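Asks: A single structure is presented below for examination.
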Amino acid sequence: MSTWTRKDLTGIEPLSREELEIIFERAEFYHSELHEHKRYDALANRTVVNLFLENSTRTRTAFEVSARRLGADVISISGSASSLSKGETLRDTAMNIRALNADTIIIRHSAAGAAAYLAGVLDIPVINAGDGAHEHPTQALLDAFTMRLHLGRDLRGKKITILGDILFSRVARSNIHCLTKLGAEVTLAGPSTLAPHKFAEAFPGVRVVHDLRTALAEADAVMLLRIQHERQTTTHFPSLGEYTGRFGLNRERLSWLKPGAIVMHPGPINRGVEVESEIADGPRSVILEQVSNGIAVRSAVLELCNKAVQAAKA
Ligand code: CP
């Protein structure tokens with residue numbers, strides 16, 4: 001297997017299947033010791049800055065836990081607490097953070113392309129923690145990592161249904177890139193306004209289905225997405241109740257899945273909307289496992305990008 005040479009992780013789209021496998025291999029190491037609270041020295045004497053300009057619970061905390069376990073000092077900055085609120089540009093904010101000896105910046109931003117822009121400006125690793133509706137690469141990596149644990153390491157031919165607000169979802173886009181590179185068969189499902197046919201044109205091999213029974217019948221995993229109200233400027237369905245009535249995962253619809261199919265969700269969950277609580281908390285749900293696996297995957301990404309920078313300097 002070749003080595004990882006990228007300074008940044010700005011998206012899944014530019015990655016090869018081999019690069020995905022490198023991340024999974026390293027994540028498997030961290031996963032094997034996930035619950036032992038071990039400390040490592042991959043990022044010793046380094047400073048990692050979490051620059052989160054949109055809200056987050058899972059991603060921000062998982063990056064923080066991962067960076068600390070790897071030996072880094074971690075500083076977390078939110079939008080309201082930064083000088084961005086005083087009119088400073090993103091570039092200036094990032095350059096100032098770099099001048100304060102940051103060795104890695106993890107950024108979440110509402111604008112698509114924000115992470116790639118900073119990656120071009122800075123000489124340190126920039127990790128995309130979600131940029132608008134564009135990409136959320138570490139979410140897709142932890143999702144695929146979790147699928148590999150449950151469905152087998154080789155996802156070729158596995159049938160994955162992503163159900164919900166596809167249109168506004170960076171998680172959906174990163175997962176489509178990731179899963180198709182790994183050879184999985186991806187079905188997108190939801191109301192035609194939120195799962196439009198144009199996705200099948202944009203992503204060859206991906207199927208768009210608006211009939212829920214069809215979308216669930218063959219799936220090895222179903223990934224539920226919440227409605228991304230924060231990115232919707234017009235109404236895409238009559239009411240939340242009607243959305244739930246047609247597309248929410250309830251006990252009856254769960255029975256349409258094959259035995260052994262798993263239920264996933266990137267979080268945050270809107271209980272009673274896209275999924276009933278008894279299913280989110282039930283035996284087929286791997287939702288909290290996804291969250292835990294985020295530490296293994298993000299540890300791998302932090303280590304690989306920092307090592308690539310060190311190797312390039314040597
Ligand atoms: N899945 C996800 O990105 O969750 P957070 O918004 O809590 O980070």
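Asks: Here's a check for you: in the range 53-63, which residue that is at pLDDT 95 or above and open to solvent by 50 Å² or more (accessible area, probe 1.4 Å) is farthest from the ligand (Cβ to nearest atom)?
Replies: Here the answer is Thr61.
Asks: If the Cβ limit is 8 Å and pairs must be 6+ apart or interchain, which residue in the range 104-129 that is not assigned by TED's automatic domain parsing to the domain that holds Asn50 pairs with which residue that is in a loop (DSSP other than H, G, I, E, B) and within 16 Å of the ligand (Cβ to nearest atom)?
Replies: none
Asks: Check the range 78-97 and report whether any residue there is closer than 25 Å to Glu289 by Cα and within 16 Å of the ligand (Cβ to nearest atom). Full working, then the answer.
Replies: Of the range 78-97, the ones closer than 25 Å to Glu289 by Cα are none.
Scanning the range 78-97, I find no residue that is closer than 25 Å to Glu289 by Cα and within 16 Å of the ligand (Cβ to nearest atom), so the answer is no.
Asks: Among what's in the range 7-35 and is among the charged types (D, E, K, R) and more than 25 Å from Val291 (Cβ to Cβ), pick the residue that is least open to solvent (accessible area, probe 1.4 Å). First the steps, then the outcome.
Replies: Restricting attention to the range 7-35, the residues satisfying the condition of being among the charged types (D, E, K, R) are 7-8, 13, 17-19, 21, 25-26, 28, 33.
The next check asks that each one be more than 25 Å from Val291 (Cβ to Cβ); those that pass are 7, 17-18.
Numbers: Lys7: 51, Arg17: 84, Glu18: 90 Å².
Applying the filter and picking the extreme gives Lys7.
Asks: Which is surrounded by fewer than 20 Cβ atoms within 10 Å (Cβ to Cβ) and free of Cβ contacts under 8 Å to residues at least 12 places away in the same chain, of Gly132, Gly183, Gly152?
Replies: Criteria check complete, one pass: Gly152.
Results for (1) over 16 Å from Val126 (Cβ atoms); (2) touching a helix residue (DSSP H, G or I) at 6+ places or on another chain (Cβ under 9 Å); (3) modelled with pLDDT under 95, shown as yes or no for each residue.
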{"residue": "Trp4", "(1), (2), (3)": "no, yes, no"}
{"residue": "Ile12", "(1), (2), (3)": "no, yes, no"}
{"residue": "Leu15", "(1), (2), (3)": "no, yes, no"}
{"residue": "Arg26", "(1), (2), (3)": "yes, yes, no"}
{"residue": "Asp41", "(1), (2), (3)": "yes, no, no"}
{"residue": "Arg69", "(1), (2), (3)": "yes, yes, no"}
{"residue": "Val74", "(1), (2), (3)": "no, yes, no"}
{"residue": "Ala81", "(1), (2), (3)": "yes, no, yes"}
{"residue": "Lys86", "(1), (2), (3)": "yes, no, yes"}
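Asks: Among what's in the range 265-291 and is under 19 Å from Ser32 (Cα atoms) and away from the ligand (no atom under 13 Å from the Cβ), pick the residue that is least open to solvent (accessible area, probe 1.4 Å).
Replies: Applying the filter and picking the extreme gives Val286.
Asks: Right, another one. Give the range 214-243 a look and list any residue that's more than 21 Å from Val263 (Cα to Cα) and in a loop (DSSP other than H, G, I, E, B), or say none.
Replies: Gln232, Thr233, Thr234, Thr235, His236, Phe237, Pro238, Ser239
Asks: Of Gly282, Gly267, which residue is assigned to a loop (DSSP other than H, G, I, E, B), of a type outside the set (A, V, I, L, M, F, W, C), under 21 Å from the mean Cα position of the chain (by Cα) and at pLDDT 95 or above?
Replies: On the way: Gly282 fails: under 21 Å from the mean Cα position of the chain (by Cα).
On inspection, the qualifying residue turns out to be Gly267.
Asks: Now a separate question. Considering only residues of the range 104-126 that are part of a loop (DSSP other than H, G, I, E, B) and crowded, with 19+ Cβ neighbours inside 10 Å, which is nearest to the ligand (Cβ to nearest atom)? So that I can check it myself, show each step before the final result.
Replies: Looking only at the range 104-126, we keep the residues that are part of a loop (DSSP other than H, G, I, E, B), and these are 110-113, 122-125.
Imposing the further condition that a residue be crowded, with 19+ Cβ neighbours inside 10 Å reduces the set to 122, 124-125.
Numbers: Leu122: 22, Ile124: 22, Pro125: 19 Å.
That would be Pro125.
The values are calculated or read from the model by the stated rules, or taken from the named source; none is laboratory data. The structure presented is a predicted model; accordingly, all values stated were derived computationally and were not measured. Counting neighbours? That spans all protein chains shown, and the Cβs are built from the backbone with ideal geometry, glycine included. These accessible areas exclude ligands, DNA and RNA; they are computed on the full protein's heavy atoms, side chains included. Shrake-Rupley method; radii C 1.70, N 1.55, O 1.52, S 1.80 Å.
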